[in-house]
Amino acid sequence: MLTAEEIHEIQEEFHLYPYKQAACIEALKVVQNHRRWVSDENVKDLAALLEMSVEEIDSVATFYNLIYRQPVGKYVILLCDSVSCYIMGFEAVLAHLEKSLGIKYGETTKDGRFTMLPVPCLGTCDHAPAMMVGKDLFRDLTPEKIDEILNKYE
Amino acid sequence: MERPLTKNIRPDGKPLFIKEYESLGGYQSVKKALKMQPKEITELVKKSNLKGRGGAGFNTGLKWSFVPMEGQFEHKYLVANGDEMEPGTFKDRLLIEGDPHQLIEGMIVTACAIQADEGYIFIRGEYTEAAEIVKKALAEAYEAGYLGKNILKSGFNFNLHLHTSVGRYICGEETALLNSLEGKRANPRAKPPFPQVSGLFGQPTIVNNIETLCNIPHIINNGAEWFNGLSLTPGDGGTKIFGASGKVKRPGLWELPFGVTLRELLEEHAGGMRDGLKFKGCLPGGASTDFLVEQHLDIRMDYASVAAAGSRLGTGTMIVLDDKTCPVGMVLNLEHFFAQESCGFCTPCREGLPWTEKILQKIENGKGEMKDLDLLQFHTKFMGPGNTFCALAPGAMAPLQSALKYFREDFELHIKEHKCSWK
Ligand SMILES: Cc1cc2nc3c(=O)[nH]c(=O)nc-3n(C[C@H](O)[C@H](O)[C@H](O)COP(=O)(O)O)c2cc1C
Ligand code: SF4
Ligand code: FES
């Protein structure tokens, strides 16, 4: 069940569009903001609210890589794996993250703190390698800097 | 040398908000534009030779002139394309974060020109800081009466909203972006009809790159002649935000006239290669442009010269390859990106890009055969211009086909030695 708050926030989006189906992505974002990810049940509830089929909603949800259709940790680490970060050695950063966290791409730490995913170019290539933790951007990464950064996140 | 786009941007990149922006002459062009005829604005921008900074380089005023100015429409839309997901490109972030009101001002003037009443600033989801800054700047602009109903008591209305996206490179393609704004999967649309005639929700729509829009206030304030005079290349008006990443001494962004040479960019602005490294090549305008190599260092950085050298100016932000980085690995990294970001709509791209990636992976792993190079060559034709539904796949082929041309020996070395000698 969607909460009253979620429904209210989604309905607020409706008046920005000529028809409510156009708020589909916004609705998925609202759910994800509240729950970190979007479950099958949430998709069903959104379908009812937006008067769309479950398949339609899911075809949108699964298209976009920043909509999570599986549970994620409290903080999602997005490590840039694109070309400038490749040249500047993101692979060493990845190896260090894997070791420190004990997870690979797509996995979540046992304590539920972090999920790690690759992401295309973060648009900060003059400070490669780069990654995001939650909403925060970290640049000029070295393996040494990683642990210090991770420790900031409870 | 004048640097209109970045003159207000602080060295630390901290945003400039409305008070300071106005004290530096901000929003003057809105006052001017509100008194001009829409056609006059479009004509001025056309004469300025401002070309789209999103990669395709189409004359901006000419693009606007395709928007129907007669007849009744429910809405007309203006969209700022701040998707910026082309690997190696980081210029729009600077403009949004450093001087958000310059963008808003450019959008209001553009809205006057095409008589748009609704606008969106489309920003990729990972640009969280840029989104916060834009949100604040929008609120300030509404408060000051530059946005909303009856702007500065002129009778002109323009509402501007922020849309934060949720990933996928294809959202940057303008028709895919419109589908995404409509809440759908971001598959590109067939053209015609062009968005200028039937775009967002079927209404006339202009999509412009962030950097393109940021130029508009300066053209209105200073005129087309002045704007043309900023450039060293006749026919390409204005300055360009150029950039470099990779193993150069000073990676970064610089606002410079069109027509500076690649060598000046590399040696003077980027400080040359890091010690102990040699320049091997570069993608001059982002991931989807062809490699240029040493023999091209003296070409001028403008649309025609870069095209004559077999590449594209693209976004103007170059990615530099050094002699200690494996070129096959670099191309593999690029094709992995493109294969992953294919929207899946048309077969050559959906199937061909993962195939290309697999062949490159095989070569990089030392398992390649000489005939794989022919197969790669075949793919560059098969996914070239005209064979796919949008420009993503031809863009993906650009670095591959040029790498096969300039770095063929390095591909062959992997095959002969059954390993990557750079590792
Ligand atoms: C796959 C693909 C991705 C694109 N990404 C962007 C982008 O992130 N930002 C952008 O401004 N243009 C991008 N473009 C170009 C747009 O389709 C469009 O030409 C541009 O936004 C028009 O604005 P302009 O005329 O001001 O350059 C992309 C094109 C393709 C084919
Ligand atoms: S070329 Fe690729 S990205 Fe473009 S429509 Fe076809 S599948 Fe989609
Ligand atoms: S390639 Fe990693 S930030 Fe651009």
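Some points to look at:
- Residues that are open to solvent by 10 Å² or more (accessible area, probe 1.4 Å) and either hydrophobic (A, V, I, L, M, F, W, C) or more than 9 Å from chain A (Cβ to nearest Cβ) (or both), drawn from the stretch B:89-130: B:Leu94, B:Glu97, B:Gln115, B:Asp117, B:Glu118, B:Tyr120
- B:Ala398 vs. criteria closer than 17 Å to B:Asn187 by Cβ, under 22 Å from the mean Cα position of the chain (by Cα), within 16 Å of ligand 2 (Cβ to nearest atom) and not assigned by TED's automatic domain parsing to the domain that holds B:Pro284: no
- Filter result (away from every other protein chain (no Cβ under 13 Å) and either farther than 15 Å from B:Gly54 by Cβ or of a type in the set (S, T, N, Q) (or both)) within the stretch B:70-80: B:Glu70, B:Gly71, B:Gln72, B:Lys76
- Filter result (open to solvent by 20 Å² or more (accessible area, probe 1.4 Å), in contact with a helix residue (DSSP H, G or I) (Cβ under 7 Å, 6 or more places away or on another chain) and without any contact (Cβ under 8 Å) to a residue 40 or more places away in the chain) within the stretch B:223-272: B:Pro251, B:Trp254
- Among all positions in the stretch A:97-120, there is no residue which is in contact (Cβ under 8 Å) with a residue 60 or more places away in the chain, open to solvent by 20 Å² or more (accessible area, probe 1.4 Å) and in contact with a strand residue (DSSP E or B) (Cβ under 7 Å, 6 or more places away or on another chain).
- Yes/no for B:Gln377 being part of a helix (DSSP H, G or I) and away from chain A (no Cβ under 14 Å): yes
- Residue in the stretch B:71-83 that is within 16 Å of ligand 3 (Cβ to nearest atom), closer than 28 Å to B:Tyr169 by Cα and open to solvent by less than 10 Å² (accessible area, probe 1.4 Å) present: yes
- Residue count for the stretch B:340-359 satisfying the condition of being open to solvent by 20 Å² or more (accessible area, probe 1.4 Å), in a helix (DSSP H, G or I) and within 16 Å of ligand 1 (Cβ to nearest atom): 3.
- Hits in the stretch B:37-70 - residues which are surrounded by 17 or more Cβ atoms within 10 Å (Cβ to Cβ) and of a type in the set (A, V, I, L, M, F, W, C): B:Ile41, B:Leu44, B:Val45, B:Leu50, B:Trp64, B:Val67
- Residues that are at the interface with chain B (Cβ under 9 Å from one of its Cβ atoms) and within 24 Å of B:Ala270 (Cβ to Cβ), drawn from the stretch A:117-153: A:Pro120, A:Cys121, A:Leu122, A:Gly123, A:Thr124, A:Cys125, A:Asp126, A:His127, A:Ala128, A:Leu137
- Within the stretch B:360-402, the set of residues being open to solvent by less than 50 Å² (accessible area, probe 1.4 Å), touching an Asp or Glu at 6+ places or on another chain (Cβ under 8 Å) and either at negative phi or without any contact (Cβ under 8 Å) to a residue 12 or more places away in the chain (or both) comprises B:Leu360, B:Ile363, B:Leu373, B:Cys390, B:Leu392, B:Ala396, B:Ala398, B:Pro399, B:Leu400, B:Ser402.
- Within the stretch B:167-187, considering residues that are open to solvent by 10 Å² or more (accessible area, probe 1.4 Å) and either in contact (Cβ under 8 Å) with a residue 40 or more places away in the chain or touching a Gly at 6+ places or on another chain (Cβ under 8 Å) (or both), the one nearest to A:Ala61 (Cα to Cα): B:Arg185
- Every test in (1) in a loop (DSSP other than H, G, I, E, B); (2) away from ligand 3 (no atom under 16 Å from the Cβ) is passed by B:Val109 save one, and that test is (1).
- Within the stretch B:306-327, tally of residues that are of a type in the set (A, V, I, L, M, F, W, C) and assigned to a loop (DSSP other than H, G, I, E, B): 3
- Condition met for A:Ala23 (among the aliphatic types (A, V, I, L, M), in contact with a Ser or Thr (Cβ under 9 Å, 6 or more places away or on another chain) and within 28 Å of B:Phe201 (Cβ to Cβ)): no
- The conditions of being within 16 Å of ligand 2 (Cβ to nearest atom), part of a helix (DSSP H, G or I) and more than 14 Å from chain A (Cβ to nearest Cβ) are met by B:Thr175.
- Some residue of the stretch B:56-66 being among the aliphatic types (A, V, I, L, M) and within 13 Å of ligand 1 (Cβ to nearest atom): yes
- Within the stretch A:57-97, tally of residues that are within 28 Å of A:Ala4 (Cβ to Cβ), at the interface with another protein chain (Cβ under 9 Å from one of its Cβ atoms) and assigned to a helix (DSSP H, G or I): 2
- Filtered by the rule that a residue be part of a helix (DSSP H, G or I) and not aromatic (Phe, Trp, Tyr), the stretch B:149-172 gives B:Ile151, B:Leu152, B:Lys153, B:Ile170, B:Cys171, B:Gly172.
- Only a single criterion out of (1) within 20 Å of A:Tyr86 (Cα to Cα); (2) free of Cβ contacts under 8 Å to residues at least 40 places away in the same chain; (3) assigned to a strand (DSSP E or B) is not satisfied by B:Asp275, namely (3).
- Residues of the stretch B:279-305 that are open to solvent by 30 Å² or more (accessible area, probe 1.4 Å) and either part of a helix (DSSP H, G or I) or within 14 Å of another protein chain (Cβ to nearest Cβ) (or both): B:Phe279, B:Lys280, B:Glu294, B:Gln295, B:Tyr303, B:Ala304, B:Ser305.
- Residue in the stretch A:103-116 that is within 14 Å of chain B (Cβ to nearest Cβ) and away from ligand 3 (no atom under 15 Å from the Cβ) present: yes
- No other residue among A:Lys110, A:Lys44, A:Lys104 is part of a helix (DSSP H, G or I), at pLDDT 95 or above and not aliphatic (A, V, I, L, M) apart from A:Lys44.
The values are calculated or read from the model by the stated rules, or taken from the named source; none is laboratory data. What you are looking at is a predicted structure, and each value in this text was computed from that prediction instead of being measured. Cβ sites come from the backbone with ideal geometry, for glycine too, and all protein chains shown count toward neighbours. What goes into the accessible areas is simple: the full protein's heavy atoms, side chains included, and nothing from ligands, DNA or RNA. Shrake-Rupley method; radii C 1.70, N 1.55, O 1.52, S 1.80 Å.
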